[in-house]
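The values are calculated or read from the model by the stated rules, or taken from the named source; none is laboratory data. Note that this is a predicted model, so its numbers are computed, not measured. Here Cβ is always computed from backbone atoms with ideal geometry, including for glycine, and neighbour counts include all displayed protein chains. Protein only, heavy atoms only, side chains kept; ligands, DNA and RNA dropped before computing areas. Shrake-Rupley method; radii C 1.70, N 1.55, O 1.52, S 1.80 Å.
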Amino acid sequence: MTVRRLRPHATTIFSEVSQLATRFDAINLGQGFPDTDGPESMIEAAARAMREGHNQYPPGIGTPELRRAAADHETAHTGLVHDPDTEVLVTVGATEAIAAAVVGLVEYDDEVVVIEPYYDSYAATVAMAGATRRAARMVRSGGEFRLDVDSLRDAFSPRTRAVLVNSPHNPTGAVLPREDLEQIAALCHEFDAIAISDEVYAHLTYDGVEHVSIATLPGMAERTLRISSAGKLLNCTGWKIGWLTGPADLVAGARTARQYMSFTVASPLQLGVAHALRHEQEWIATLRQDMQVRRDQLVDTLSGVGFDLVVAQGTYFLTADPRPLGVTDAAAWCLELPERIGVAAVPFAPFTDAFSAEWSHLVRFAFCKRPEVLDEAGRRLRALQE
């Protein structure tokens with residue numbers, strides 16, 4: 001029997017759609033996982049670590065090799081400097097990092113601000129902490145999504161403990177510009193709140209758009225936990241290797257909660273990721289270029305079919321409005337799609353709550369697949385025109 005506060009989160013839309021994709025042998029453009037492996041040297045480094053005996057518990061906070069590599073990688077790309085021993089924590093993917101930060105730093109009667117639409121684990125982890133979720137929103141402005149600053153201010157209160165920031169943003173594919181992040185930072189200072197910044201797609205931005213971490217804004221390094229993931233950075237989502245960085249006191253709070261969630265993370269996989277962070281920067285840069293090409297391929301397909309699109313500035317995802325195709329219920333349509341044409345997508349509805357009516361007509365397609373797979377998906381999607 002599920003406790004009351006978690007009953008709305010008993011299942012995820014990703015599990016539901018992926019099960020349908022498997023059942024009907026559909027191309028899964030719903031869940032965000034690539035279908036190609038990460039760097040060969042990373043895989044070999046992990047295999048070598050297994051052969052060399054790195055198969056027992058590593059330190060609970062993560063192997064020294066990965067903590068140092070993660071800290072150096074962050075310094076190289078953001079200028080932020082962290083002590084690997086006290087300001088870096090390795091986690092079972094970004095999802096555990098988010099949960100550890102919220103559960104470890106938010107009290108039962110606190111409020112947490114989320115920005116709708118939000119990655120679905122945010123609402124679940126706020127519920128786990130027994131806190132209250134308050135919502136701001138993104139809005140469509142021409143061909144992009146921006147933060148609605150008025151709704152953000154309305155969401156903050158004297159009870160606000162934290163704001164969950166996600167840029168590049170899942171599910172919209174938006175990259176929040178500096179001025180939007182400055183609005184969040186100003187409210188964090190005004191209400192003495194912390195920022196939990198989910199930046200797993202930091203290296204996947206397109207068309208020359210650059211990601212800015214809220215932790216780099218004035219006065220925010222000391223009140224921000226920044227979350228990263230090897231899964232999205234290095235095409236190894238199944239490894240579930242993530243980490244968070246920030247000031248020692250905030251990391252300690254997350255570490256306290258996290259040690260009772262999974263205790264530690266696979267030793268050889270950590271060593272593989274550490275190797276890649278040290279030696280595969282060219283591979284990471286090439287991944288961004290490849291993903292932009294795949295984004296453009298899916299844009300051409302979906303626009304050709306008749307979807308109204310917002311072209312992603314980052315992430316794996318395209319926001320599509322199927323109403324021009326006569327769709328009136330996007331959630332129901334997504335559940336029918338795998339059987340109907342052999343393609344899976346996810347609706348926006350599960351990523352919203354307070355502003356659900358504004359997003360219920362949208363769906364998300366993932367373009368992190370091989371070109372030939374996207375070609376076949378395109379062939380199947382064109383059946384919607386018949």
**Study point:** Whole-percent carbon and sulfur share, accessible surface of segment 1-100, 1.4 Å
**Key:** 51 percent
Revision key, fill the gap. The FRET efficiency for T36 and Y108, from their Cβ-Cβ distance with R0 = 56 Å and rounded to 0.05, is 0.80
Exercise for review: Report Rg(Cα)/(2.2 N^0.38 Å) for segment 52-125, keeping two decimals.
Suggested key: 1.36
Exercise for review: Rounded to the nearest 500, what is the 222 nm mean residue ellipticity of the chain from helices alone, with -39500 (n - 2.57) per DSSP H run of 4+ residues and division by all residues?
Suggested key: -12500 deg cm²/dmol
Check your understanding: Say the dipole of the chain comes from +1 at the beta carbon of Lys and Arg and -1 at that of Asp and Glu; which of G104, G93, F24 then lies farthest toward its positive end?
Key -> F24
Check your understanding: What does the charge count near Y122 come to, summing +1 for each Lys or Arg and -1 for each Asp or Glu among other residues with Cβ under 15 Å from its Cβ?
Key -> -3
Check your understanding: Any idea how far apart D249 and F24 come out in nm if each label point goes 7 Å out from Cα toward Cβ?
Key -> 5.3 nm
Review point. Taking a ≥ b ≥ c as the square roots of the eigenvalues of the Cα gyration tensor of the chain, is the shape rounded (a/c under 1.5), prolate (a/b larger than b/c) or oblate?
Key: oblate
Practice item. Run the dipole for the chain about the Cα centre, Lys and Arg Cβ at +1, Asp and Glu Cβ at -1, nothing else charged, and hand back the magnitude in debye, nearest 20. Key: 740 debye
Point to revise | Probe 1.4 Å, protein heavy atoms only - accessible area per residue of segment 181-266 in square angstrom | key: 33 Å²
Review point. When the accessible area of segment 208-341 is computed with all protein chains present and a 1.4 Å probe, what percentage of it is carbon and sulfur?
Key: 50 percent
Check your understanding: Taking K and R as +1 and D and E as -1, what net charge do the other residues with C-beta under 11 Å from the C-beta of P177 add up to?
Key -> -3
Exercise for review: Could you list the residues of segment 194-223 with an amide nitrogen less than 13 Å from a label point located 7 Å from the Cα of R278 in the Cα-to-C-beta direction?
Suggested key: none
Practice item. Using +1 at the Cβ of each Lys and Arg and -1 at the Cβ of each Asp and Glu in the chain, identify which of V363, L164, M50 lies farthest towards the dipole's positive end. Key: M50
Exercise for review: Would you mind computing Rg(Cα) / (2.2 N^0.38 Å) for segment 164-306, counting N as its residues?
Suggested key: 1.18
Practice item. Could you state the accessible area per residue of segment 333-386 in Å², with a 1.4 Å probe and every protein chain left in place? Key: 41 Å²
Exercise for review: Can you grab the distance from the C-alpha centre of segment 240-272 to the C-alpha centre of segment 281-308, Å, no decimals?
Suggested key: 32 Å
Point to revise | Gap separating the Cα centres of segment 1-20 and segment 158-234, nearest whole Å | key: 27 Å
Review point. How far, in nm, would the chain grow between F191 and D375 when pulled straight, counting 0.36 nm per residue and subtracting the alpha carbon separation?
Key: 61.3 nm
Review point. What percent does the relative contact order of the chain come to when contacts are Cα pairs within less than 8 Å and at least six residues apart?
Key: 25 percent
Study note, to complete from the structure: Sorted by chain and then number, the residues having a modelled amide H within less than 5 Å of the amide H of T132, at least 5 places away or on another chain, are D110, E111, V112
Revision key, fill the gap. Sorting S267, L277, A257 by the position of each Cα along the dipole of segment 164-280 (Lys, Arg +1; Asp, Glu -1; all at Cβ), the one nearest the positive end of that ordering is S267
Exercise for review: May I ask you to evaluate 6.51 cos²θ - 1.76 cosθ + 1.60, the Karplus curve with θ = phi - 60°, for each residue of segment 98-109 and list the ³J(HN,Hα) values in order in whole Hz, giving x for glycine and proline?
Suggested key: 4, 4, 4, 5, 5, 5, x, 10, 10, 7, 4, 9
